[in-house]
1. Condition test on A:ARG84, is it of a type in the set (Lys, Arg) and either crowded, with 18+ Cβ neighbours inside 10 Å or within 22 Å of B:THR47 (Cβ to Cβ) (or both)?
2. Among the residues of the range A:68-77, are any at pLDDT below 95, in a loop (DSSP other than H, G, I, E, B) and touching a helix residue (DSSP H, G or I) at 6+ places or on another chain (Cβ under 7 Å)?
3. Specify the residue that is nearest to the chain's Cα centre (by Cα); the eligible residues are those in the range B:17-50 that are surrounded by 12 or more Cβ atoms within 10 Å (Cβ to Cβ) and either outside any helix (DSSP H, G or I) or of a type in the set (Gly, Ala, Ser) (or both).
4. Tell me which residues, restricted to the range A:47-62, are touching a helix residue (DSSP H, G or I) at 6+ places or on another chain (Cβ under 7 Å) and under 15 Å from A:ILE90 (Cα atoms).
5. Do any residues in the range B:41-60 that are within 7 Å of another protein chain (Cβ to nearest Cβ) have Cβ atoms under 8 Å from those of residues that are among the charged types (D, E, K, R) and part of a loop (DSSP other than H, G, I, E, B), where the two are at least six apart or on different chains, and which pairs are they?
6. If I go through the range B:215-226 residue by residue, how many of them are in contact (Cβ under 8 Å) with a residue 12 or more places away in the chain, under 25 Å from B:ASP198 (Cβ atoms) and either buried (at least 16 other Cβ atoms within 10 Å of the Cβ) or not hydrophobic (A, V, I, L, M, F, W, C) (or both)?
7. State whether one or more residues within the range B:213-223 are polar (S, T, N, Q), assigned to a helix (DSSP H, G or I) and modelled with pLDDT under 75.
8. Scan the range A:134-154 for residues that are surrounded by fewer than 20 Cβ atoms within 10 Å (Cβ to Cβ), more than 11 Å from chain B (Cβ to nearest Cβ) and either touching a Lys or Arg at 6+ places or on another chain (Cβ under 7 Å) or among the acidic types (Asp, Glu) (or both) and report the count.
Amino acid sequence: LTVLSPPEPVAASGTSPAREDVGSFEEVYRAHYRRVYALTLRMTCDPEKAEELTQDVFVRVWQTLSTFRGESALSTWIHTVAVRTTLQHIRSENRREARVMTTADLTRYAAEARRAMPETRIDLERAIATLPPGARSVLLLVDVEGYPYEDVARLLGVTVGTVKSQLHRARKLMMEALEK
Amino acid sequence: MRAHPSEARLHDHADQALAPHEAAELERHLAECAACAAQVERIRSLTTSLAALAPGAEPARDLWPALAARLEAEGRGEPARVIDFPAHRRAAPAAVWLQRAAAAAVLFVGGIGVGRATLARAADPSSPTIAPIVVSGPSGGATGPGLTPASNGGGTPRSAMQAARQVQRAGTDYVAAVGAFAELAPGAAEFDVQQGRDATLSIIAGAAQELLRVSPADSAAAELLRVVSAARAADAQGVANEVHF
């Protein structure tokens with residue numbers, strides 16, 4: 001008996017297959033990164049973290065693209081990956097420390113939101129940023145992104161009742177913040 | 001006028017989430033109650049504005065160059081179908097457990113030292129990748145009775161199912177290798193084929209149980225556990241069987 005290791009594949013052109021693959025993936029990235037960045041920015045209210053998460057999302061999309069079966073639109077699928085990735089990040093952050101948004105954080109976020117989304121309503125963006133993280137996630141997923149209660153409950157691992165109570169609390173806080 | 005509906009009911013009504021008869025009843029209340037009608041209007045105005053927020057945002061810098069470099073460095077790999085890897089690619093405990101199980105099983109095959117068997121390393125010696133093993137017969141081809149080339153799907157497992165399959169392949173290779181060794185080397189009868197199979201099935205069962213602990217709804221893990229448990233039960237009764245998953 002002998003035990004052999006198979007030869008490493010070598011690309012004839014001198015360009016590795018991985019590099020060619022990455023090149024063709026750029027089109028997917030360019031078509032979808034703006035929506036992913038908007039989501040990660042609103043969910044985290046942290047521009048640097050949002051950039052990092054946007055990259056993480058597309059790494060995950062890249063690694064799991066072969067499992068995409070075309071049963072939903074590619075944009076929907078990518079968006080779901082973005083939501084899951086961001087929620088996981090928020091959960092791990094929450095486990096480490098209860099992050100409190102300072103006035104300086106809020107000012108920095110509002111400046112980034114104004115630059116990154118010139119057409120958006122900054123008063124709304126600021127009010128969203130002041131919400132507690134849990135209520136903010138639910139409000140963004142239901143009222144901004146349009147997910148049904150049931151999907152949000154599954155994504156967050158909570159009941160529909162919890163989603164609704166978080167949503168109603170978030171809306172109440174939003175209305176109070178906007179009327180100040 | 002009837003009692004005011006709850007705040008939650010007003011939200012449900014604004015979201016059109018009430019049954020028709022409930023909505024009609026609430027509408028009758030709103031027609032008489034300016035305060036509740038105004039609250040429903042505030043909720044609707046807010047949700048309409050939120051739905052109209054900018055759908056996209058432009059990062060301050062082009063993220064693609066750094067992302068492309070990262071993709072080239074990390075490679076495509078197999079999807080993490082069963083275990084969902086968290087952000088920053090920190091493997092979940094179950095995935096780590098399975099990768100270790102697969103690594104242990106592959107090393108187990110290498111460790112029996114059949115003939116000139118060696119565990120090949122990947123091209124990059126610093127890489128922790130488990131190199132694929134190809135068991136070939138005397139003619140150089142994988143022709144021995146029951147020998148199963150394990151070159152397909154070798155390497156570091158990236159999903160739980162891939163890891164489990166690697167364990168299974170390693171078990172198959174072990175059984176085949178010990179069988180061949182027993183044929184070629186007189187006095188090798190002390191190698192217990194069944195013992196190797198038991199160890200392999202035990203590893204896979206443990207992997208499936210760990211998967212189910214982390215993801216109770218994982219049907220693939222449930223199926224894996226079912227198949228392996230059936231095989232172990234058949235073994236215990238001395239009934240010939242094969243494991244496929």
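1. On the way: of a type in the set (Lys, Arg): yes; either crowded, with 18+ Cβ neighbours inside 10 Å or within 22 Å of B:THR47 (Cβ to Cβ) (or both): no.
No: the conditions fail for A:ARG84.
2. yes
3. Taking the candidates together, the pick is B:ALA17.
4. Matches in the range A:47-62: A:PRO47, A:ALA50, A:LEU53, A:THR54, A:ASP56, A:VAL57.
5. The qualifying pairs are B:THR47/B:ASP15; B:SER49/A:ARG121; B:LEU53/A:ARG121; B:ALA54/A:GLU119.
6. Taking the range B:215-226 as the starting set, the residues that turn out to be in contact (Cβ under 8 Å) with a residue 12 or more places away in the chain are B:215, B:218, B:220-225.
With under 25 Å from B:ASP198 (Cβ atoms) added as a condition, the list becomes B:218, B:220-225.
So of that shortlist, the ones also either buried (at least 16 other Cβ atoms within 10 Å of the Cβ) or not hydrophobic (A, V, I, L, M, F, W, C) (or both) come out as B:218, B:220-221, B:223-225.
Number satisfying all stated conditions: 6.
7. No - not one qualifying residue is present in the range B:213-223.
8. 2
The values are calculated or read from the model by the stated rules, or taken from the named source; none is laboratory data. Being a predicted model, the structure only gives us computed values, none of them experimental. Note that we place each Cβ from the backbone using ideal geometry, even for glycine, and neighbour counts take in every protein chain shown.
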